[in-house]
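What follows is a set of notes on a single structure, which appears directly below.
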Amino acid sequence: MKRRLWAAVLLLVLALAAPPLRAGQDDPRLAPLFGTLKTTDSDEEAAAAERQIWQIWSEHKNPEIERLMRQGIAAM
């Protein structure tokens, strides 16, 4: 319950305090990671690629927003 509350608070803060965030697909680091997800038979390799994708998607110029993103992802 507490995690859901944190996630809801995070979403509200992001919605009110920052310009819209989007999981951009134009970062050149993403293509090989998505390629790995398509071709690997290894659960460990897929999990590592997924973590890297989320890391790229959660990057933000404002360190406080980046911290809140990490906290929200961890809460989910």
Over region 23-76, with the other protein chains present, what is the accessible area per residue in square angstrom, probe 1.4 angstrom? 71 Å²
Under 10 Å, Cβ to Cβ, from I53 - net charge with Lys/Arg +1 and Asp/Glu -1: 0
Modelled FRET efficiency - R0 22 Å, H60 with A8, Cβ distances, 0.05 increments: 0.70
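The values are calculated or read from the model by the stated rules, or taken from the named source; none is laboratory data. Keep in mind the model is a prediction, meaning the values are calculated, not measured. In this analysis, Cβ positions are derived from the backbone assuming ideal geometry, glycine residues included, and neighbour counts consider all displayed protein chains. Keep in mind that these areas ignore ligands, DNA and RNA; they rest on the heavy atoms of the full protein, side chains included. Shrake-Rupley method; radii C 1.70, N 1.55, O 1.52, S 1.80 Å.
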